[in-house]
Amino acid sequence: MLSADAAVYEPIDNSGSTRAVQRAVQWIEQCTNEHGTCRVAGASSDTQFESVLPTRVLDISDTSDCYLLVTNGMKGRYAALSHCWGSYPLITTTRSTFNTRCNKIAFVDLPRTFQDAVTFCRNLSIRYLWIDSLCIIQGDSDDWQKESYRMGNVYRDAYITLAATGATDSSQGLFLPRPEQPEAVPISFEPGKPDNFVYAALHAAERYGGLDNSPLEMRAWITQEWILSRRVLHFTEAQLVYSCCTMSEAEDGQPAGSSQSEYLRTTLVPSANTAHENSENDRMDDYFLEDWLFIVEGYCSRTLTYETDKPIAIAATTVTDISVSGFGFDVSQLFWYGLRPSPEQMKGRERAYLQSHVLRETLRRPVCLQQLPSWSWMSTIGRIGYDPLPKSGIDLTQDLTVDDRRLSVCAKLIAIPNALGPVILELEEGRYMPLGTWYSRTTYRYTAGLRVALHLYFLGKPDNRLSWAAFDVEPDFTDGIVCCAVSKNKTEDGQDDGIKTLLLVSRGEKYVRVGIGEILDTQLFADVPARHIIIE
């Protein structure tokens, strides 16, 4: 519904109009002059801010065409473009076209999204523009390797990021046609008195102007693009949305419903600072860790054109956020699991489909990622969730260290108990629920039944419920799966409430991860000596 303030607002009819530019300028000026969180460290204002330019940028100072500029450490103010490549043929820079691009890039040769970005930057008096397909040499693996790892700096140092949020590819542009405003309908506000009514309509922006589930939000690369950018101007189908580290606002002045990444950008730096100030024994602050795990879940739910990009497309966020927090590895990061489709994704599908197909929609460990450690979600493709270790839990590991891809730890191991499964799902009141309750009270309280883990098995027997196991891929029980004790749960009154475990398989002298689980009977580990193992 429109609020009283929004009702008198005259909508902007085109995102490339003079009014749209004026609105963007208002946001930017407010941010640069008033938002201390968004400024460069130590600056009283961002008004005169210039950063070191990326390796290459487009110089758009001409009134028509532009050209590729090799910056050689120059400083300046530039914008970055966040967009979907899609299936539309994209203009690129290659080794064979490099000299031509440095001489001239005709405006008419640019796809519509690029043209709109150039036009909008010129209207904002921004001379330089960074676009990945033109500023990174395509088909050159050496240049891609160097520039992809610098991409975090590109978005972090940009004066503003222009996001083609509503476009599926570069042919659609930033300035999308605005949808028609739905016709207002009478709504009675006093039952029994039909003459007492108001006319109301759902604002077009409510349907077409959101950031979540927009075409661009589905792209894995935007995780670091949006989080690291100080300011993002979203061009959605229905409205402009401005977001910085301080606020997120739609063009009509109403607070914008922030996407997952937008929310994290406004919370991550403050939580990281809190973590740094309140840290003890080099362990992550709870708030920062929750934010980081939230980033990972969102990232893994998005799509990658090239699976080899999995560790690269979030690399800058990993380095930036962990270094900002002052912390490194935390054992909670090990407790991820594959997610089945959500009830919303499965609406309208037959029950037979659920039982015959849902277990096929799994995590994958593609060959191109097998050099990455098995204990890291980086080695997989697919949606994940986290089974967080409770604050009251007791760490059972000793000497846990991470060196490159190896995780070294001293811990207790037991063979996995009898496994019953896989668990078939029941659809109950719009939620998927596992059959029976085999979880500890701690797990059931914090994870709501593991949010429907893939390859979920119960451990033990119906009359002796030992707990559960969630496997990354379909398990092979002839492999000799073992449970590695990591953390003991404690109830609020101090009672033992099960042990969180990693599920491992021996590969020679080392182990690889195959899942996570829990053992309710803590006595199964009581007389087992701890041993030093390496997990790769």
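The values are calculated or read from the model by the stated rules, or taken from the named source; none is laboratory data. In this text, all values refer to a predicted model and were calculated from it rather than measured experimentally. FYI the Cβ positions are ideal-geometry reconstructions off the backbone, even for glycines, and counts take in every protein chain you see. With ligands, DNA and RNA removed, areas are computed over all heavy atoms of the protein, side chains included. Shrake-Rupley method; radii C 1.70, N 1.55, O 1.52, S 1.80 Å.
Tabulated results
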quantity: Per-region count, the range 50-78, residues among the basic types (Lys, Arg) and either open to solvent by less than 10 Å² (accessible area, probe 1.4 Å) or in contact (Cβ under 8 Å) with a residue 40 or more places away in the chain (or both); calculated: 2
quantity: Filter pass, VAL512 being in contact (Cβ under 8 Å) with a residue 60 or more places away in the chain, of a type outside the set (S, T, N, Q) and open to solvent by 10 Å² or more (accessible area, probe 1.4 Å); calculated: yes
quantity: Residue count for the range 66-99, restricted to those that are at pLDDT 95 or above, over 23 Å from ARG230 (Cβ atoms) and not hydrophobic (A, V, I, L, M, F, W, C); calculated: 9
quantity: Near pairs, Cβ below 9 angstrom, 6+ apart or cross-chain, from the range 21-43 (modelled with pLDDT of 85 or more) to any residue that is part of a helix (DSSP H, G or I) and of a type outside the set (Val, Ile, Thr); calculated: VAL21/PHE120; VAL21/ASN123; ALA24/PHE120; ALA24/ASN123; VAL25/ASN123; CYS31/CYS38; THR32/CYS38
quantity: From the options LYS500, LYS490, residue that is in contact with a Ser or Thr (Cβ under 9 Å, 6 or more places away or on another chain), among the basic types (Lys, Arg), under 19 Å from VAL331 (Cβ atoms) and at pLDDT below 90; calculated: LYS490
quantity: Search result, residues across the range 91-110 that are within 23 Å of ARG219 (Cβ to Cβ) and either in contact with a Gly (Cβ under 6 Å, 6 or more places away or on another chain) or buried (at least 20 other Cβ atoms within 10 Å of the Cβ) (or both); calculated: THR93, THR94, LEU110
quantity: Candidate set: the range 139-178, residues that are over 25 Å from LEU240 (Cβ atoms) and more than 25 Å from the chain's Cα centre (by Cα); chosen: the one most open to solvent (accessible area, probe 1.4 Å); calculated: ASP142
quantity: Hits in the range 79-104 (condition: in contact (Cβ under 8 Å) with a residue 40 or more places away in the chain and among the polar types (S, T, N, Q)); calculated: SER82, SER87, THR92, THR93, THR94
quantity: Test: TRP292 is in contact with a Lys or Arg (Cβ under 7 Å, 6 or more places away or on another chain), open to solvent by less than 20 Å² (accessible area, probe 1.4 Å) and either within 18 Å of GLN333 (Cα to Cα) or at pLDDT 85 or above (or both); calculated: no
quantity: Of all residues in the range 111-127 being part of a loop (DSSP other than H, G, I, E, B) and touching a residue at least 40 places away in the same chain (Cβ under 8 Å), the one that is farthest from ALA79 (Cα to Cα); calculated: PRO111
quantity: Search result, residues across the range 492-505 that are in contact (Cβ under 8 Å) with a residue 60 or more places away in the chain and outside any strand (DSSP E or B); calculated: GLU492
quantity: Breaking point among (1) more than 30 Å from ALA256 (Cβ to Cβ); (2) assigned to a helix (DSSP H, G or I), for ARG95; calculated: (2)
quantity: Count of residues meeting criterion [buried (at least 18 other Cβ atoms within 10 Å of the Cβ), modelled with pLDDT of 85 or more, of a type in the set (Val, Ile, Thr) and assigned to a helix (DSSP H, G or I)] in the range 296-317; calculated: 1
quantity: Number of the exception - TYR149 against (1) within 27 Å of TRP27 (Cα to Cα); (2) in contact (Cβ under 8 Å) with a residue 60 or more places away in the chain; calculated: (1)
quantity: Hits in the range 480-491 (condition: aliphatic (A, V, I, L, M), within 18 Å of LEU456 (Cα to Cα) and part of a strand (DSSP E or B)); calculated: VAL482
quantity: Subset of the range 60-73 [under 18 Å from PHE107 (Cα atoms) and assigned to a loop (DSSP other than H, G, I, E, B)]; calculated: ILE60, SER61, ASP62, THR63, SER64, ASP65
quantity: SER87 vs. criteria open to solvent by 10 Å² or more (accessible area, probe 1.4 Å) and farther than 19 Å from GLY16 by Cβ; calculated: yes
quantity: Where a residue in the range 462-484 is more than 15 Å from ILE519 (Cβ to Cβ) and its partner, wherever it lies, is open to solvent by 40 Å² or more (accessible area, probe 1.4 Å) and among the basic types (Lys, Arg), with Cβ under 9 Å and at least six apart; calculated: ASP472/ARG365; VAL473/ARG364; VAL473/ARG365
quantity: Cross-chain or 6+ apart pairs with Cβ under 9 Å, the range 360-371 first and surrounded by fewer than 13 Cβ atoms within 10 Å (Cβ to Cβ), then modelled with pLDDT under 90; calculated: GLN371/ARG405
quantity: Any hit, the range 74-88, residues being part of a loop (DSSP other than H, G, I, E, B), among the basic types (Lys, Arg) and closer than 21 Å to ASP140 by Cβ; calculated: no
quantity: Number of the exception - VAL118 against (1) open to solvent by less than 10 Å² (accessible area, probe 1.4 Å); (2) modelled with pLDDT under 95; calculated: (2)
quantity: Test: residue in the range 178-198 that is within 17 Å of LEU233 (Cα to Cα) and at pLDDT 70 or above; calculated: yes
quantity: Selection count where residues are open to solvent by 50 Å² or more (accessible area, probe 1.4 Å) and at pLDDT 85 or above, scope the range 447-477; calculated: 4
quantity: Residue count, the range 518-535 (criterion: in contact with a Lys or Arg (Cβ under 8 Å, 6 or more places away or on another chain) and either open to solvent by 40 Å² or more (accessible area, probe 1.4 Å) or in a strand (DSSP E or B) (or both)); calculated: 8
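Rundown of residues vs (1) in contact with an Asp or Glu (Cβ under 9 Å, 6 or more places away or on another chain); (2) open to solvent by 40 Å² or more (accessible area, probe 1.4 Å); (3) part of a helix (DSSP H, G or I); (4) modelled with pLDDT under 90, yes/no style:
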| site | (1), (2), (3), (4) |
| --- | --- |
| VAL319 | no, yes, yes, yes |
| SER323 | no, yes, yes, yes |
| PHE329 | no, yes, no, yes |
| GLN333 | no, no, yes, yes |
| PRO341 | yes, no, no, yes |
| ALA352 | no, yes, yes, yes |
| HIS357 | no, yes, yes, yes |
| TRP375 | yes, no, no, no |
